[in-house]
Amino acid sequence: MLPFQSIQEAESSLGRNLKFAENLWFKYSANKSDYFLYCHNTIFLLVFYTLLPLPYVIAELLRSNKIERFKIQPKVNNSFKDMFNCYKNVMTIFILVVDTLAPSLEGSETFSIGIRTGLPLPSGTEMLLQMLVYVLIEDYSNYWLHRLLHCKWGYEKIHRVHHEYTAPIGFAAPYAHWAEVLILGFASFLGPMMVPGHMITFWLWMVLRQLEAIETHSGYDFPWSITKFIPFYGGAEYHDYHHFVGKQSHSNFASVFTYCDYIYGTNKGYRYRKSVFGKVPLKHPVHFLVRLNYIINLQYKIAASVGVHIKLNAVQIEKQYHQCV
Ligand SMILES: [Zn+2]
Ligand SMILES: [Zn+2]
């Protein structure tokens with residue numbers, strides 16, 4: 001809630017006229033509590049996770065040839081019923097878990113984690129720099145939390161739910177055990193907790209996080225995606241590989257960027273695949289698969305003959321992967 005009774009009072013406190021955006025913010029937030037403003041997050045989650053995956057749902061139902069070539073695992077079909085069940089599950093978790101979290105973050109004037117709601121509004125540069133910090137903190141912590149969830153106990157008790165989708169869909173981005181929503185949600189809150197900013201920055205950060213998660217789990221790898229221009233960005237194909245390999249996956253843990261997997265050596269299987277198949281054209285699927293099987297078998301035999309077990313595992317996984325796609 002703003003500590004000003006009127007726009008004039010706010011302007012005299014700031015010593016200048018309010019800008020257009022500040023005027024709008026004053027009119028919208030002046031009489032709303034910080035708790036209520038925070039709860040907008042729940043609405044954003046419900047609205048964005050409902051609307052943004054819809055183009056992918058339509059693509060999945062139509063299975064048009066024009067779009068089909070961008071599907072990462074074209075042999076997998078998801079029915080409307082499957083996708084709707086996933087959606088219902090995700091919405092239930094959001095309402096139960098996110099609404100439970102909200103009261104713990106409530107403060108009287110400002111949030112206990114330091115998020116401010118008042119005036120002046122942050123500049124574009126401030127928002128951009130803060131979100132850059134948030135994404136780096138979230139990416140690094142998410143990498144290790146995700147990796148931890150792949151230990152035997154973590155996977156069996158919690159993370160296996162998220163991996164029920166070996167070929168993910170947009171709705172499946174937050175499809176997870178409630179404990180995982182809390183654990184990985186914590187990684188998203190870590191940045192705003194360490195470098196608290198304005199509520200608007202916080203909202204934008206949460207929306208950006210949703211956009212990224214939906215695209216990464218979309219099951220489609222579109223070459224025109226704007227994320228293709230972001231250095232070290234993983235993307236849909238990168239995370240799809242992690243889902244396909246599933247339980248035994250020790251590869252591609254990264255949330256957004258690929259540098260952690262590179263530094264800690266957890267993308268060897270994926271890199272191996274890219275080095276072997278990366279330059280093989282995908283225009284003619286039948287010829288591609290014939291050549292692919294030949295190369296896989298050759299690599300498999302070479303690796304087995306010299307007893308290179310790490311490479312052998314990578315080859316086995318690749319073989320399994322490409323037999324399915
Ligand atoms: Zn995983
Ligand atoms: Zn995932």
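The values are calculated or read from the model by the stated rules, or taken from the named source; none is laboratory data. Since this is a predicted model, take the numbers as computed values, not measurements. Virtual Cβ from ideal backbone geometry, glycine too; neighbours counted across all protein chains shown.
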note = In the stretch 171-180, anything touching a residue at least 60 places away in the same chain (Cβ under 8 Å), within 14 Å of ligand 1 (Cβ to nearest atom) and not hydroxyl-bearing (Ser, Thr, Tyr) is listed as ALA172, ALA173, PRO174, ALA176
ask   = What is the one condition in (1) hydrophobic (A, V, I, L, M, F, W, C); (2) part of a loop (DSSP other than H, G, I, E, B); (3) more than 13 Å from the chain's Cα centre (by Cα) that ALA179 does not satisfy?
value = (2)
task = Could you grab me the full set of residues in the stretch 242-265 that are at pLDDT 90 or above and within 11 Å of ligand 1 (Cβ to nearest atom)?
result = HIS242, HIS243, ASN252, PHE253, ALA254
query = So, of the residues in the stretch 131-151 that are under 13 Å from the mean Cα position of the chain (by Cα) and under 15 Å from VAL181 (Cβ atoms), which turns out to be nearest to ligand 2 (Cβ to nearest atom)?
reply = HIS146
query = Does LYS71 satisfy the criteria of being at pLDDT 85 or above, of a type outside the set (A, V, I, L, M, F, W, C), closer than 30 Å to GLU237 by Cα and in contact with a strand residue (DSSP E or B) (Cβ under 9 Å, 6 or more places away or on another chain)?
reply = yes
query = Pairs under 7 Å by beta carbon, first residue loosely packed, with under 11 Cβ neighbours inside 10 Å in the stretch 55-82, partner assigned to a loop (DSSP other than H, G, I, E, B) and of a type in the set (Val, Ile, Thr), six or more apart or different chains?
reply = LYS75/VAL325
Total residues in the stretch 207-225, condition among the acidic types (Asp, Glu) and more than 13 Å from ligand 2 (Cβ to nearest atom) = 1
task = Say whether the condition of being more than 16 Å from ligand 1 (Cβ to nearest atom) and surrounded by fewer than 19 Cβ atoms within 10 Å (Cβ to Cβ) is met by at least one residue in the stretch 151-170.
result = no
key: Hits in the stretch 220-274 - residues which are at positive phi and either assigned to a helix (DSSP H, G or I) or assigned by TED's automatic domain parsing to the domain that holds VAL133 (or both)   = GLY246
query = Just wondering, is there one or more residues in the stretch 277-300 that are modelled with pLDDT of 70 or more, among the charged types (D, E, K, R) and in a helix (DSSP H, G or I)?
reply = no
message = Restricting to the stretch 228-275, give me the number of residues that are among the aliphatic types (A, V, I, L, M) and over 19 Å from SER218 (Cα atoms).
response = 1
